[in-house]
Amino acid sequence: MTPVHVSITGLRLRRLRHGPAFWFHAVRSMRQAQAAPGNISAEARTINGVHHTLSVWTDEAAMRSYLRTGAHLQAMRRFDVIATGKVVGFATDRVPDWSEVHDIWLERGRAVSGGRRKQEPQDRPLPK
């Protein structure tokens, strides 16, 4: 298999009342992803109360072009109000199946906020 870029997201609603807004943005973002140039596949499932997406792209550049435009950009602008979550992306020759997605997300995911990755403690510069 030719290497591809895999993106796994996992989001939890901040409050149950955010459900309608979450689903409004999730459906529109999924449709955008599925039609985006460079997208090979995009699917969603809820696992252990976490709303996951698993998308496969020809390369990271195609995925980044998608996430910075349209419905996904609008969703990210509302993200901090609606949900919390983590993302992980990586190049691979083998796309993980759904039985692996939640564990990969737990082990390797990085917290995001408003469309930007939050710095993890190990990423922060050391004080001088």
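The values are calculated or read from the model by the stated rules, or taken from the named source; none is laboratory data. Model, not experiment: these values are computed from the prediction. All Cβ positions, glycine included, derive from the backbone under ideal geometry; neighbour counts span all protein chains shown.
Checking each residue in region 66-91 for being surrounded by 13 or more Cβ atoms within 10 Å (Cβ to Cβ) and closer than 16 Å to Ile40 by Cβ picks out Tyr66, Leu67, Gly89, Phe90.
Scoring Ala33 on the criteria (1) surrounded by 17 or more Cβ atoms within 10 Å (Cβ to Cβ); (2) closer than 20 Å to Arg108 by Cβ; (3) in contact with a Phe, Trp or Tyr (Cβ under 7 Å, 6 or more places away or on another chain) leaves a single failure, condition (2).
For region 78-99, a residue qualifies if it is outside any helix (DSSP H, G or I) and either closer than 23 Å to Phe22 by Cα or touching a Cys at 6+ places or on another chain (Cβ under 8 Å) (or both), and the qualifying residues are Ala83, Thr84, Gly85, Lys86, Val87, Val88, Gly89. Restricting attention to region 40-61, the residues that are farther than 14 Å from Gly10 by Cα and surrounded by fewer than 18 Cβ atoms within 10 Å (Cβ to Cβ) total 6.
Table: residues versus (1) on the phi > 0 side of the Ramachandran plot; (2) touching a strand residue (DSSP E or B) at 6+ places or on another chain (Cβ under 9 Å).
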{"site": "Gly10", "(1), (2)": "no, yes"}
{"site": "Arg45", "(1), (2)": "no, yes"}
{"site": "Gly49", "(1), (2)": "yes, yes"}
{"site": "Ala61", "(1), (2)": "no, yes"}
{"site": "Ala75", "(1), (2)": "no, no"}
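Scanning region 32-77 for residues being more than 13 Å from the chain's Cα centre (by Cα), of a type in the set (A, V, I, L, M) and assigned to a strand (DSSP E or B) gives a total of 2.
Look at Val56 and say whether it is modelled with pLDDT of 85 or more and more than 24 Å from Phe24 (Cβ to Cβ). Yes, satisfied. Scanning region 1-30 for residues that are of a type in the set (Phe, Trp, Tyr) and either assigned to a strand (DSSP E or B) or surrounded by fewer than 14 Cβ atoms within 10 Å (Cβ to Cβ) (or both) yields one hit, Trp23.
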